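The values are calculated or read from the model by the stated rules, or taken from the named source; none is laboratory data. Bear in mind that the values here come from a model prediction, so they are computed numbers and not experimental data. Cβ coordinates were reconstructed from backbone atoms using ideal geometry, including for glycine residues, and neighbour counts include every protein chain displayed. Please note that ligands, DNA and RNA were not included when accessible areas were found on the heavy atoms of the full protein model with its side chains. Shrake-Rupley method; radii C 1.70, N 1.55, O 1.52, S 1.80 Å.
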Amino acid sequence: MLFFYYLCSMISVCIATYNGEKYIKEQVSSILQQLGEDDELIVSDDGSTDSTLDVVASFHDPRIKVFNGPQTGLTYNFENAIKNANGDYLFLSDQDDVWESNKVERMMEALRNDDLVVSDAWISDENAVSTGKSLYDIYKPHKGFWPTLYHTTYIGCCMAFRRTILKKLLPFPPHIIMHDYWIGQIADLYYNTSYISDKLLRYRRHGNNFSALTTRKSSLTLLQKLEYRFWIVRYVLARWMK
């Protein structure tokens, strides 16, 4: 039954790239082997000056579709990828992780019941070797608009969702710092969301990447944090009539 469901659904994987030549080949390989011939890999590149696009082009795979990003940062580069996706189901992907071989199958199974699903992930070193710890070991996933507003646990690279949420998700408003924060708030308020315990990717940690879920402290002042949350509440609620 799941196999038939998968065959009848188009999947779009959205990657926002920028100078990712070091790891992008391994990530793209891990994704393509899980996609069907009618699925697509959307690459929105934000002006890479290294060989990122050459590496992507070297796959010679018609499922890969490359778009020029807005060059306004990661958040709106992901928005550009999402806008250009045609799938019934959208997966978000960082350029430097590695997907486990059952990621698409397991997430699609979970999406039969929910509009947005988030998985766990192995925290890995720069060689994509697991440290033995997962993201859920660092934080305890939670739902609810206000708890999520205080501290989001909706992580983009672990996320997949139905196309139906785009009605309220797009366009991204201004003042949004991270795409997954915005997506999580929209999904939590207007749609059905769930977390699954499966560790479906290797979340690569290295010197050039950043995540709000690392142990790094935010560089935002208290006033900036309050202002950012004010804008989130305002824009999320403004989508009520959309």
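Quick notes on this one:
- Residue list for the range 34-81, filter: among the acidic types (Asp, Glu) and either within 19 Å of the chain's Cα centre (by Cα) or under 26 Å from residue 200 (Cβ atoms) (or both): 37, 38, 39, 40, 45, 46, 61, 79
- Some residue of the range 27-35 being out of contact with any strand residue (DSSP E or B) (no Cβ under 8 Å at 6 or more places or on another chain) and either open to solvent by 50 Å² or more (accessible area, probe 1.4 Å) or at pLDDT 95 or above (or both): yes
- Subset of the range 53-72 that is of a type in the set (Gly, Ala, Ser) and part of a loop (DSSP other than H, G, I, E, B) - its residue that is most open to solvent (accessible area, probe 1.4 Å): 58
- The residue that is surrounded by the most Cβ atoms within 10 Å (Cβ to Cβ), among those in the range 1-21 that are more than 20 Å from residue 75 (Cβ to Cβ) and modelled with pLDDT of 95 or more, is 11.
Rundown of residues vs (1) in contact with a Phe, Trp or Tyr (Cβ under 8 Å, 6 or more places away or on another chain); (2) farther than 14 Å from residue 82 by Cβ; (3) among the hydroxyl-bearing types (Ser, Thr, Tyr), yes/no style:
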{"site": "141", "(1), (2), (3)": "yes, yes, no"}
{"site": "149", "(1), (2), (3)": "no, yes, no"}
{"site": "160", "(1), (2), (3)": "yes, no, no"}
{"site": "163", "(1), (2), (3)": "yes, no, no"}
{"site": "171", "(1), (2), (3)": "no, no, no"}
{"site": "187", "(1), (2), (3)": "yes, no, no"}
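- The residue that is most open to solvent (accessible area, probe 1.4 Å), counting only those in the range 206-239 that are of a type in the set (Phe, Trp, Tyr) and either touching a Gly at 6+ places or on another chain (Cβ under 9 Å) or modelled with pLDDT of 85 or more (or both), is 230.
- Boolean, residue 105 is within 17 Å of the chain's Cα centre (by Cα) and surrounded by fewer than 20 Cβ atoms within 10 Å (Cβ to Cβ): yes
So that you can scan it fast, the table gives a plain yes or no per residue for (1) open to solvent by 20 Å² or more (accessible area, probe 1.4 Å); (2) under 20 Å from residue 240 (Cα atoms); (3) acidic (Asp, Glu); (4) in a helix (DSSP H, G or I):
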| position | (1), (2), (3), (4) |
| --- | --- |
| 142 | yes, no, no, no |
| 157 | no, no, no, yes |
| 165 | no, yes, no, yes |
| 174 | yes, yes, no, no |
| 177 | yes, no, no, no |
| 183 | no, yes, no, yes |
| 186 | no, yes, no, yes |
| 189 | yes, yes, no, yes |
| 197 | yes, no, no, no |
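- Residue count for the range 5-50, restricted to those that are of a type outside the set (Asp, Glu) and part of a strand (DSSP E or B): 11
- Condition check for residue 86: in a helix (DSSP H, G or I), open to solvent by 20 Å² or more (accessible area, probe 1.4 Å) and touching a strand residue (DSSP E or B) at 6+ places or on another chain (Cβ under 7 Å): no
- Members of the range 82-110 found to be of a type in the set (A, V, I, L, M) and within 17 Å of residue 201 (Cα to Cα), listed by number: 90, 92, 98, 104, 107, 108, 110
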